Amino acid sequence: MANAFEQVNEYVQIGADLIDLSDELRDVIRTSHREISVQVPVRRDDGSLLMVRGYRVQHNGARGPYKGGIRYHPSADLDEVRALASLMTWKTALLDIPFGGAKGGIAVDPLGMSRRELETMTRHFTDRICHLLGPYRDIPAPDVNTDAQTMAWMMDAYSAREGYTPAAVTGKPLDIGGAPGREAATGRGAVYVLAAACEHWGLDLGKQRVAIQGFGNVGSWMAMELAARDVKVVAVSDVNGGIHNAGGLDIEAVLSVVRAGGSVVDAAHADMISNDELLRLDCDVLVPAALGDVLTGDNADEVRASMVVEAANHPTTPEADKVLADRGVRVIPDVLANGGGVTGSYFEWSQNIQQFRWKESRFNEELHAKMIEAFNAVVTFAEAHDVSLRTAAFALAIERVARAETLRGYA
Ligand code: GLU
């Protein structure tokens, strides 16, 4: 199988073909502006030294400062981080926010690490990439296995060198410059898009049975937002497995188990299923909200949902994408579906720079407007060119980035 970066570049190529992009501009967007790989030493609580590798890839900065999350995961190698950085370029362009695309990662399993070890690792990683960061250079945010606390440590490590700079990082805790609404923004944004999609295709959102793979920040906020709209969430899962109830899960009950430190599989009133079974479940909307490469050539023909909402980044391989398209399954691509996160980061960054705080109601209104604007642009383009939403999203985003590269004189 092609690696994640090659796969994302397959999508880039299809989008570039549609808009007849020049070979020169293709060369510019196919690779990253800048990549760094750093050694991150962590003194463990038992006195031993753990050496891990960290990466930051700045894929494209033509439209603004590089922007993207930091993930802690054993699979975070250079190709994966490149793929995710490239997706950020297309996501920020599609949502039309003034950022480029970047991503960072540390190849580590953080689940068995103590809070002190995580803090040390985060501070050392930040020290080693600090010269590339800044509110007008590159702005990190949370991603898989990182959260507001991680961002607080990053912001503090950056500020210790440069002076107090909350706008250097987004997804921070509210007490130190975070924005009310940012934590929920990815999940909420995905529900805004799902609601718009249902309206566009004449489907009743209230009648959709939704299965969500992953119950981290994105999956859990989506579940809450759907439950608040009386939409049935029939299955959710996490690393330990999943639960299913055809009549709809009690999301509040699942959340209280998870908030107490448990797994979704500990919640009552549901049947146990595996993550694989969840992907093949009898439902209307399937939401991969965890890791990449979960819908592949091996299982795409078994997906029973009629719509896939990609809340995770790169959950669908190009091979699976073709199978789903041939079968008439509607796929709302990651660069659109989960764009609420970075859009919320843009609002947080703007508030930090202006030193003016918005109420959460304003944040959600602006988020809704941005998501609907992007959804409408993608659907209009897709229908005009008779292509998938993914191809339309990539084509629109590539057009915008290519224009910026040309205007700035690089291609
Ligand atoms: N990690 C999120 C994403 O993949 C958010 C990135 C950001 O806010 O910079 O979109």
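The values are calculated or read from the model by the stated rules, or taken from the named source; none is laboratory data. Keep in mind it's a predicted model, so treat the numbers as computed, not measured. Every residue, glycine as well, gets a Cβ built from its backbone with ideal geometry; the counts of neighbours run over all protein chains shown.
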> Of Val169, Val218, which residue is farther than 20 Å from Ala374 by Cα, out of contact with any Cys (no Cβ under 6 Å at 6 or more places or on another chain) and within 14 Å of the ligand (Cβ to nearest atom)?
Replying inline: Val169
> Do you know which of the residues in region 326-383 that are of a type in the set (Ser, Thr, Tyr) and either more than 21 Å from Lys103 (Cβ to Cβ) or more than 15 Å from the ligand (Cβ to nearest atom) (or both) is surrounded by the most Cβ atoms within 10 Å (Cβ to Cβ)?
Replying inline: Ser350
> Only one residue in Ser37, Ser86 is touching a Ser or Thr at 6+ places or on another chain (Cβ under 8 Å) and modelled with pLDDT of 95 or more, so which one is that?
Replying inline: Ser86
> Which residues, counting only those in region 91-106, are more than 11 Å from the ligand (Cβ to nearest atom) and either farther than 15 Å from Asp143 by Cβ or assigned to a loop (DSSP other than H, G, I, E, B) (or both)?
Replying inline: Ala93, Leu94, Asp96, Pro98
>> Can you name every one of the strands (runs of 3 or more DSSP E) wholly within region 162-251 that holds 2 or more residues which are among the aliphatic types (A, V, I, L, M) and within 26 Å of Ala267 (Cβ to Cβ)?
In response: 209-213, 232-238
>> Here's a check for you: in region 107-153, which residue that is in a loop (DSSP other than H, G, I, E, B) and within 15 Å of the chain's Cα centre (by Cα) is nearest to the ligand (Cβ to nearest atom)?
In response: Asp143
> What number of residues within region 175-202 are more than 16 Å from the ligand (Cβ to nearest atom) and without any contact (Cβ under 8 Å) to a residue 40 or more places away in the chain?
Replying inline: 6
> If you go through region 55-88 one residue at a time, how many are touching a residue at least 60 places away in the same chain (Cβ under 8 Å), within 13 Å of the ligand (Cβ to nearest atom) and closer than 20 Å to Ser350 by Cβ?
Replying inline: 6
> If you take the residues in region 389-411 that are over 20 Å from the mean Cα position of the chain (by Cα) and small (Gly, Ala, Ser), which one is surrounded by the fewest Cβ atoms within 10 Å (Cβ to Cβ)?
Replying inline: Gly409
> What do you reckon, is Leu84 in a helix (DSSP H, G or I) and crowded, with 19+ Cβ neighbours inside 10 Å?
Replying inline: yes
> Quick check: anything in region 293-315 modelled with pLDDT under 95 and closer than 18 Å to Leu84 by Cβ?
Replying inline: yes
>> Just to be sure before I move on: is Asn240 away from the ligand (no atom under 16 Å from the Cβ) and touching a strand residue (DSSP E or B) at 6+ places or on another chain (Cβ under 9 Å) in the structure I sent?
In response: no
> Would region 296-306 turn up any residue that is buried (at least 21 other Cβ atoms within 10 Å of the Cβ), charged (D, E, K, R), closer than 27 Å to Lys232 by Cβ and touching an Asp or Glu at 6+ places or on another chain (Cβ under 7 Å)?
Replying inline: no
